[in-house]
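Nothing in this text is a laboratory measurement; each read-out follows from the coordinates by a stated rule. In this text, all values refer to a predicted model and were calculated from it rather than measured experimentally. Heads up, the Cβs are rebuilt from the backbone with ideal geometry, glycines too, and the neighbour counts pull from every protein chain shown.
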């Protein structure tokens, strides 16, 4: 079996480095490459985590560098495009990293004959729903006010972004719709709140290992998935977005939940 050649963009970031290390544990399945602007771990990465990428597997490239992106994606089977501005650091950063950079990546993948791109979106494209019940009560922690079954949001419902960061992710999802074809699969993942611990917003929490699992399942997804969108959340009691679609389509089976994490004794953590 020939390993799948996978390029991870923004590889020195928080989740990207976790994904890289996970894929590297299976050299029989994946030949892993990384792309980033420099060989330095992001400030968001826990202190002490390091990844060693051989020179012939690393591309030093800014997302504004269309030629550099084209060189990086050449002869790759799958590109996991996670690079970008994850914090909404202002219009210029969003324009360069999340809009122009996304276009460069999709166009380069198409021209190079890449079979699939798995790209990061965000649950915040649906944040506007939090302005209506029962989602308002869940978000504000008024859980006693929530009765009955929670009507979960599905990926085919209208988006309701409330900031420019989320709007740039809708642009990326639109690019995926434009670029997907019979020979180029485009999968978008609407990522929840990524923290090692759930924090106060357990409704939208996604553990790092659950996200890595979903991304990996998207890399390995059946070839007949040409375009799709999945929410990435752990199996939280108060989750208000759908994960069953990902379970049906790619076999996503989250291992964590905010409630189970909170119930652990200190020695279990």
Point to revise | Value of [θ]222 nm, deg cm²/dmol, for the chain, DSSP H segments ≥ 4, -39500 (n - 2.57) each, nearest 500 | key: -8500 deg cm²/dmol
Check your understanding: Quick one: 157, 1, fewest Cβ neighbours within 10 Å first, how do they rank?
Key -> 1, 157
Review point. For the chain, what's the relative contact order in percent, using C-alpha pairs closer than 8 Å and at least 6 residues apart?
Key: 16
Study note, to complete from the structure: With 0.36 nm assigned to each residue of separation and the Cα-Cα distance removed, residue 131 to residue 24 gains 34.3 nm
**Study point:** Residue order, fewest to most beta carbons within 10 Å, for 197, 149
**Key:** 149, 197
Review point. In nm, what is the difference between 0.36 nm times the number of residues separating residue 259 and residue 174 and their Cα-Cα distance?
Key: 27.2 nm
Exercise for review: Rank these for me by crowding, 104, 96, going from fewest to most other beta carbons within 10 Å.
Suggested key: 96, 104
Exercise for review: Report, in whole Å, the centroid distance computed from the Cα atoms of segment 202-221 and segment 23-46.
Suggested key: 16
